[in-house]
Amino acid sequence: MLKRTIPILILATSGAILVVAYFSPFTTNWSEVVLMWFNILAAVAYVLGAGNLLAVNLEKVSSRRAGWAYALITLVAFASMLTFGLFKIGGVPSEAHPDVPYAGDYESTQSAFGWVYEYMLSPLTATMFALLAFYVASAAFRAFRAKNLESILLLGTAFIILLAQTAAGMFLTGWIPADSVFAFLRFDSLRIAITEYIQTAGMRAITIGIAIGIAATSLRLILGVDRSYLSKQ
Amino acid sequence: MSVTMNTPTSGNRLLWISLMVFGMVGLSLNAFARKDGMAHGYVEVKEVERVQVTVVQSAGAGAASADAELKWVAPTDPKIASGEYTRVAGVAPRAWTVESLVPAKEAAMMMTARDAGDLTVERVEPSAINTFGIWIAAFLTLGIFSFLYRDNPWYKVAESVLIGVSAAYWMINAFWSTLVPNLFGALAPTLVRAVASPDLPVSSSPNSDFWLAVVPLILGFMLLWRLAPKGGWISIWPIAFIIGTTAGLKLVSGIEADLMAQAVATMQPLVVLNPADSATATASSFSFSAISFWGSIGSVVSVVGVLSVLTYFFFSLEHKGAVGKTARVGVWFLMITFGSAFGLTVMGRITLLAQRFEFLFTDWLNIG
Amino acid sequence: MMKLLMMSLALTSMCSAMPPSATDVFAIDEPGDAGFALRVTFTVPDLAATKEVRIERAATKAELAKDANMPWIVVATVDANAGIEGVLVADLPKDESNDGANANQTEAIAFRVATVGIDGEQAAFVESAAVIAKMNPFIMKRLGLAVSVVVTCASVITWILLARAGRPVKLRRIAALDAVDEAIGRATEMGRSVLFVPGIQDMNDIQTVAGITVLGRVARTAAEYDATLVVPTSRSIVMSSARETVQAAHFAAGRPETYKEGNINYITDEQFGYVAYVTGQMVREKPAACFYMGAFYAESLLLAENGNAIGAIQIAGTAEPSQLPFFVAACDYTLIGEEFFAASAYLSGERDQLGSLKGQDLAKAITAVVIIMGCLLATFAAFAPEGIAARASDSFQSFLGG
């Protein structure tokens, strides 16, 4: 009862209420309230995340499991950044309220927190992001080797669109007169035709399908048809 | 499988190692040999001083509050001289320095200008801690790049730092930008104003704000109850609540923003008229020359595309016969769509890579 | 000559009389709106002599308390013929009297309207009666949305009920979902783990919710096969939900003792921090099967390419259109958009869930018919921009929220 019926009821009522609430001016802002609740809930739940991160890495370090030194690095990085941010170490006071102890900006570049962000977090994430340039190349290379019609269409289109964005596109097809019958073969015209008509159509259909999928998934959950998240115990 | 990015052959490995060693030695030599060497970090230094003042109420003001308004302003504030503000006696002024990062090139220009006697330019100083920071950033950047060769201790160090730092970063972010204003600010506004957010707006309905904040707090405790030795099952309640609200919200917003908006956007005329003719064209005086051939083709292709891709998504129809052919056309549309999106992304990714190289060569090695 | 011209100009301006004042000035509460809006209608007797119309509203009590010298506030200056349809005045201040009890309506507010002649001379103001703007219980402009929601839900519910009543539900095969068992089986045979990535968004994203429901099915198969299932998460609540779900799957498979909480961990909220960890783990632990089910952004390709490099069977599912190309290019199987949302129902094999998929097809068919109707109307409208088809097309699209 407590473990199964009540959660199903909570889910059904909260879901149904929010569906109806959207249509009345009296309740239409409930979605914002729920979003604020969710953000608070997510912030409180960090205790679980932080607890788990500490537990996993402490266990690795204390049992000297393979790679424990890296776990130690993670622990030190985590604990220092948490301390820096919580106590705003090295931060400057707020100009309008220098007498309020924690009113300063926690992300100011002068603070320890800001320093770590600037010289560790930001370059690390930016470099992970930049790795994609290599992976895009290797993915394209693989698609190139798969010789079926679908992959040829995918890669061929990608190639045309890429060339059309660069000077090479102009160089290769720029000689075709823009007012001739063959003007559609110019990379820039092809690009417009592909993105405006085909890509737009494809994305629209995908999005319509997604909307129906979302509606049905939500409905299955609200009606209690899909209970995969619940224990049978 | 096909691409063996993390399992290099030995010849391949030798090539990579020699390339890396050669590159690093060469670049370091180059940077050390020159007079201005590797890059330095610079900061702009600004002295800040604040004094506490009372705002003198002008006689004509309508709703004068009982408490005199206190403010912190610069001692040079003209309103002190004009008498609008009066210094609070017995409160010591506060002074501190604010340092903000300045790119090396800009710093050099600013220093030259100031040395030449232009005092309107802010003071710029080399900063050891920021120079050190650039080295750390370069070390971590190269650590991540080394993963392209293979998994290795350098990458593992960078990865461990990234996990620890970023987890704490988002937690701190949630603490100061969600918990403090929205939870603590609603539960104990006076305390929050005194300690952390003096500008926390005064709520018009503090009571309802309080109870609205208690709800997620209770749900949060239920979620955390998993850590308790007994009764951890209660955490499914807040999860059911989250799933329920998400389902309810997205059901409607999905249909509104995705289904209806996209369906309406598809409802275009199948026959497109030339812009000049469409104004004059009427059903009675219609001529075929008014039709834009390519525009109409494009329009028909769009609609056929939407319908054929939708056909592909049908679950209850086997992809055979006419349905199969239509679905096949749908797959072609999908592949061209994906290819186009792929092609449009590549340039952006290369730009990101270029920015990292720019950091390494300009900011760190100072040879850009 | 110059003098003459000046004189004639002066004469014309003297001749142009002040326009007659507006008549029939009414303020009406806008029906079916979110409140705080009144529509002002009026008639201008002499359109030719009137350049524009000035509209002012009475100040509220609170506004008068602030500044007693401003009893009227200028609202708008509009065309002379705007009065027929009326001018909608929105964002009126709420009634602050009665300690907030009337906060969902305005005070009674009067309007006054004055016509302005061609030369700028203004006729006398004509006042309307004072009217309260109230919130209406239903937002009228969302009627089309309400109908769509009802139609979509009804399609799905009808087929759930039909399936329960025993109506046969035949669905086509989806290769990606047929491959799930095979992938987990292969991992078991090879003695390697199964990796499940539920995306990088939190539980307030429906894709994560859908990903978690798929996780329930995957975990059940993994529990039956006794394969190790590893779920790194990038959100604390997702970790909690994944643990609940996987534990539930182990119970359902009749093997609660094999559930290991330690395989489901929180890593970091940071997108690239999370992906740095997951790709690192992939090359170290070499899972034999990788599932990516949820909301993904730029990290999709980092995951999929590394999975490829270690030779894992990769099955992805997302409704993030921008990332689909990368999954399609780098994974063995990709559930595209709606297929992803159907995955959990498909894998469950339960009658009513499969029925709901048939309901989705019905909703898609209705959508397709509506689109075709809209296109035909728009086509007719293009040939006769002023005709009845154009009006029908316009109202059809605006009903649907266009």
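Values quoted throughout were computed directly from the atomic coordinates according to the rules given, and no laboratory measurement underlies them. Because the structure is a prediction, the values reported are computed rather than measured. Cβ placement follows ideal geometry from the backbone for every residue including glycine, while neighbour counts extend to all protein chains displayed.
Note on residue B:318 and residue C:161: with the Förster distance fixed at 25 Å, the Cβ-Cβ geometry gives a FRET efficiency of about 0.55.
For chain B, the longest principal axis of the alpha carbon atoms and the long axis of helix B:321-358 meet at an angle near 30°.
Stretched out straight at 0.36 nm per residue, the stretch from residue C:189 to residue C:72 would grow longer than its current Cα-Cα span by 33.9 nm.
Shape of the stretch C:169-349 from the C-alpha gyration tensor: rounded (a/c under 1.5, with a ≥ b ≥ c the square roots of its eigenvalues). Looking at the stretch C:282-349, none of the GluC sites (Glu not before Pro) sits in a DSSP loop with at most 14 other Cβ atoms within 10 Å of its own Cβ. Using C-alpha pairs under 8 Å with a sequence gap of at least 6, the mean separation divided by the residue count of the stretch B:44-126 gives a relative contact order of 42 percent. Computing Rg and the Kirkwood Rh from the Cα coordinates of the stretch A:134-222 gives a ratio, Rg/Rh, of 1.15. If you take the Cα centroid of the stretch A:155-203 and the Cα centroid of the stretch C:135-165, the two points sit 43 Å apart.
Proximity of backbone amide H atoms, modeled 1.01 Å from N, is registered between residue C:72 and C:59 at under 5 Å, excluding neighbours fewer than 5 places apart on the same chain.
Note on chain C: GNM, Cα springs under 10 Å; of C:146, C:129, C:175, the largest mean-square fluctuation is that of C:129.
Could you let me know the centre-to-centre spacing of the stretch B:140-209 and the stretch B:216-243, using Cα atoms, in angstrom? Cα centroid to Cα centroid, the span is 22 Å. For the stretch B:309-319, 3J(HN,Hα) computed residue by residue from phi via the Karplus equation (6.51, -1.76, 1.60; θ = phi - 60°) reads 5, 4, 4, 4, 6, 4, 8, 8, 10, 5, 7 Hz, glycine and proline entered as x. Per-residue shielding of A:74-86, expressed as the average number of other chain Cβ atoms within 10 Å of the residue Cβ, stands at 6. The fewest-to-most ranking of C:231, C:150, B:91 by surrounding Cβ atoms within 10 Å reads C:150, B:91, C:231. Under 5 Å between amide hydrogens, built in the peptide plane, is the criterion, and for residue C:52 it picks out C:116 among residues at least 5 positions away or on other chains. Using θ = phi - 60° in the Karplus curve 6.51 cos²θ - 1.76 cosθ + 1.60, the 3J(HN,Hα) couplings for the stretch C:358-368 round to 5, x, 4, 4, 4, 4, 5, 4, 4, 4, 4 Hz; x is entered for Gly and Pro.
Averaged over the residues of B:81-87, the number of partner chain Cβ atoms lying within 10 Å of the residue Cβ comes to 0. Packing-based ranking of B:161-172, A:83-94 yields B:161-172, A:83-94, ordered from highest to lowest mean Cβ neighbour count within 10 Å.
For a straight C-alpha distance cut-off of 27 angstrom, the lysines reachable from residue A:3 (same-chain residues fewer than eight places away being disregarded) are A:232, B:230, B:250, C:260.
Couplings 3J(HN,Hα) of the stretch C:130-136, computed from phi: 7, 10, 8, 8, 10, 6, 9 Hz, in residue order, whole Hz [Karplus 6.51 cos²θ - 1.76 cosθ + 1.60, θ = phi - 60°; x for Gly and Pro]. Pop the C-beta distance of residue A:165 and residue C:96 into the FRET formula with R0 = 56 Å and round what comes out to the nearest 0.05. With a Förster radius of 56 Å, E is 0.50.
The Cα-based radius of gyration and maximum Cα-Cα distance (Dmax) for chain B are 32.8, 91 Å. Applying both filters, DSSP loop and at most 12 other Cβ atoms within 10 Å, to the chymotrypsin sites (Phe, Trp or Tyr not before Pro) of the stretch A:125-198 gives A:175.
Solvent-free Debye calculation, one equal scatterer per alpha-carbon of the protein assembly as shown: log10 I(q)/I(0) at 0.05, 0.09 Å⁻¹ equals -0.41, -1.26. Against the main long axis of the alpha-carbon atoms of chain C, helix C:2-15 sits at an angle near 80°. Listed by chain and number, the lysines placed with their C-alpha closer than 26 angstrom to that of residue B:71 are A:88, B:46, B:79, C:66; residues fewer than eight positions away on the same chain are left out. For C:302, B:273, the sequence from fewest to most other C-beta atoms within 10 Å is B:273, C:302. Taking every residue in B:175-182 and counting other chain Cβ atoms within 10 Å of its Cβ, the average works out to 5. Here the spin labels are modelled as points 7 Å beyond Cα on the Cα-Cβ line, and at residue C:121 and residue A:178 they lie 5.6 nm apart. Measuring nothing but how far apart in sequence close Cα pairs (under 8 Å, 6+ apart) lie, relative to its length, chain C scores a relative contact order of 14 percent. Between amide H atoms placed 1.01 Å from N, distances below 5 Å from residue A:94 occur with A:103, A:104, all of them 5 or more places distant or on a separate chain. Computed per residue of the protein assembly as shown from DSSP H runs no shorter than four, each worth -39500 (n - 2.57), the mean residue ellipticity at 222 nm is -17500 deg cm²/dmol. Taking a straight Cα-Cα cut-off under 21 Å and skipping sequence neighbours fewer than 8 places away in the same chain, the lysines within cross-link reach of residue B:325 are A:147, C:170, C:358, C:364. Once the mean of 1/r is taken over each pair of separate Cα atoms and inverted, chain C shows a Kirkwood hydrodynamic radius of 27.1 Å. For the peptides A:59-68, B:296-305, A:206-215, C:198-207, the ranking by mean Cβ contacts within 10 Å, running from highest to lowest, is A:206-215, C:198-207, B:296-305, A:59-68. Each of residue A:89 and residue A:137 was given a label point 7 Å from its Cα along the Cα-to-Cβ line. The distance between the two points is 4.1 nm. Counting only alpha carbon atoms, the long axis of helix A:149-165 and the longest principal axis of chain A meet at about 90°.
Ranking of C:290, C:375, C:331 by neighbouring Cβ atoms within 10 Å, starting from the fewest: C:375, C:331, C:290. Shown is the FRET efficiency for residue C:65 and residue A:79, computed with R0 = 51 Å from the Cβ-Cβ distance and rounded to the nearest 0.05: 0.40. Working from Cα pairs under 8 Å separated by at least six residues, relative contact order for chain B is 15 percent.
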